[in-house]
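Visitor: What follows is a single structure, and I will ask about it in a moment.
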Amino acid sequence: MLLKITIAIDGYSSTGKSTVAKQLAEWLEYIYVDTGAMYRAVTLYAMENSLISDGFFDKETLVKRLDDIKISFTRDTASGKAEVCLNGKSVEKYIRTLEVSSFVSPIATISEVRAKLVEQQQRMGEEKGIVMDGRDIGTVVFPKAELKIFMTASAEERAKRRYNELVERGDKVSYDAVLSNVVERDHIDTTREDSPLVKAADAIEIDNTETNIEDQFHTILQLAKDRIAKRLV
């Protein structure tokens, strides 16, 4: 397709935002950017440098070191999947742990962190032809995106998906712990002062509590095709 648009996908954690964003990017031959992975990378940096732990968070030092945090995306030659890199090292498998999940929301509340990452994200989208998912893509990063999707599902269903994902990977976690993390992240994401998770006025809400991945993809793909067609008129 010659004409390219910007697609913003926001929503709650574990609603499958990344999965459908990757599918769309591949089908449309667009660039995919996982903004959640960027915040997870900053969180991993904070953890590795003893800036955050249970009951402790040295925000001031993290803000001072933001210029030392370089985040990029690379494509794994074996799997063909995009991986996030922290200061030149792939950290994809390290940022998906429950421990990182438990600290990522507090990290994401810091205005300086958000400003730094939003600036990077907006640069990535200057040429359009991009699919980006996160919490504030349609409201802050790309408020003029041609297509905005807001994804939601019940907390219990999202916790079940996340739990199964972690167990399949070999992590030893309990469903109750995962559900607690999901509920806590929802609260932090929706009540934070800077760029809280909220549905953009012109976003299309999709509740996938009982929707399979294939049906969801085709629904959103048709929405993208419709937006592209309107631009061509």
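The values are calculated or read from the model by the stated rules, or taken from the named source; none is laboratory data. This one's a predicted model, so the numbers in the text were calculated from it and none came from an experiment. For neighbour counting, all protein chains shown are included, and Cβ atoms are generated from backbone atoms with ideal geometry for every residue, glycine included. In case anyone asks, the SASA skips ligands and DNA or RNA and just uses the protein heavy atoms, side chains included. Shrake-Rupley method; radii C 1.70, N 1.55, O 1.52, S 1.80 Å.
Visitor: Working from the alpha-carbon coordinates of the range 95-184, get Rg over Rh, Rh being the Kirkwood radius. Walk me through the intermediate numbers first.
Guide: Details: Rg = 15.6 Å, Rh = 15.1 Å.
With Rh from the inverse mean 1/r over Cα pairs, Rg/Rh is 1.03.
Visitor: Which percent of the accessible heavy-atom area of the range 13-76 goes to carbon and sulfur, probe 1.4 angstrom?
Guide: Numbers: 1380 of 3170 Å².
Summing carbon and sulfur atoms, their accessible area is 43 percent of the total for the range 13-76.
Visitor: Hey, any idea what % of the range 125-218's accessible area is carbon plus sulfur with a 1.4 Å probe? Don't skip to the end; give the middle numbers.
Guide: On the way: 2400 of 4900 Å².
Solvent-exposed carbon and sulfur of the range 125-218 make up 49 percent of the total.
Visitor: Want the number for Lys144 to Lys64: 0.36 nm per residue separation, take away the alpha-carbon distance, what's left?
Guide: Values: separation 80, 0.36 × 80 = 28.80 nm, distance 3.15 nm.
Taking 0.36 nm per residue and subtracting the Cα distance, the gain is 25.6 nm.
Visitor: Taking the solvent-accessible surface of protein heavy atoms with a 1.4 Å probe, what is the per residue accessible area of the chain in Å²?
Guide: Details: 11820 Å² over 233 residues.
For the chain, the per-residue accessible area is 51 Å².
Visitor: Compute from the Cα atoms of the range 159-214 the Rg and the Dmax, the latter being the longest Cα-Cα distance, and quote both in angstrom.
Guide: Rg then Dmax for the range 159-214, in Å: 14.3, 40.
Visitor: Toward the positive end of the charge dipole of the range 1-140, about the Cα centre and with charges on Cβ (Lys, Arg +1; Asp, Glu -1), which of Gly11, Ile95, Gly129 goes farthest?
Guide: After comparing all options, I get Gly129.
Visitor: Also, I was wondering about something else. Restricting things to Cα coordinates, could you compute the convex hull volume per residue of the range 142-188 in Å³? Before the final figure, lay out each step's value.
Guide: On the way: hull volume 5.1 nm³, N = 47.
Here the figure is 108 Å³ per residue.
Visitor: Placing +1 at every Lys and Arg Cβ and -1 at every Asp and Glu Cβ, with all other atoms neutral, what dipole size does the range 157-233 have around its Cα centre, in debye to the nearest 20? Walk me through the numbers before you get to the answer.
Guide: On the way: 13 positive and 17 negative charges, 67 e Å.
In debye, rounded to 20, the range 157-233 gives about 320.
Visitor: Using only C-alpha positions, report the orientation-averaged shadow area of the convex hull of the range 54-125, nm², one decimal.
Guide: Computed as one quarter of the Cα hull surface, the answer is 5.8 nm².
Visitor: State the antiparallel share, in %, of DSSP beta bridges confined to the chain, rounding to the nearest 5.
Guide: On the way: 9 of 27 bridges.
Here the antiparallel bridges make up roughly 35 percent for the chain.
Visitor: FRET efficiency for Lys225 and Ala115, Cβ-Cβ distance as r, R0 = 41 Å, nearest 0.05?
Guide: Working: r = 34 Å, r/R0 = 0.83.
So, using R0 = 41 Å, E works out to roughly 0.75.
Visitor: Further, regarding this structure: With +1 on each Lys and Arg Cβ and -1 on each Asp and Glu Cβ, how big is the dipole of the chain about its Cα centre, in debye rounded to the nearest 20?
Guide: Values: 33 positive and 39 negative charges, 122 e Å.
With only Lys, Arg, Asp and Glu charged at Cβ, the dipole is about 580 debye.
Visitor: Pop out the Kirkwood hydrodynamic radius of the chain from its pairwise C-alpha distances, inverse of mean 1/r, in Å to one decimal. Provide the component values of the computation, followed by the final result.
Guide: Working: mean 1/r = 0.0550 Å⁻¹.
The answer is 18.2 Å.
Visitor: DSSP loop (so not H, G, I, E, B), at most 11 other Cβ within 10 Å: list which chymotrypsin sites (Phe, Trp or Tyr not before Pro) in the range 104-189 pass both filters. Could you put the intermediate results ahead of the total?
Guide: Details: sites: Phe150, Tyr163, Tyr175; in loops: none.
Answer by residue number: there is no such site.
Visitor: Once the Cα atoms of helix 155-168 and of the chain are each reduced to a long axis, what angle between those two axes, in degrees from 0 to 90 to the nearest 10, is obtained?
Guide: Result, in degrees: 70.
Visitor: Need the list of aspartates and glutamates near Lys172 for cross-linking: C-alpha distance under 16 angstrom, and skip anything on the same chain fewer than eight residues off.
Guide: Filter leaves Glu99.
Visitor: Which whole-angstrom value gives the distance between the alpha carbon centres of the range 198-217 and the range 119-174?
Guide: Their Cα centres are 12 Å away from one another.
Visitor: If the convex hull of the alpha-carbon atoms of the range 1-116 is projected onto planes in all directions, what is the mean projected area in square nanometres? Walk me through the numbers on the way to the answer.
Guide: Details: hull surface 33.0 nm².
With every direction weighted equally, the projected area is 8.3 nm².
Visitor: Now, a different point. By how many degrees, between 0 and 90 and to the nearest 10, does the Cα long axis of helix 35-48 differ from the longest principal axis of the chain?
Guide: 10 degrees
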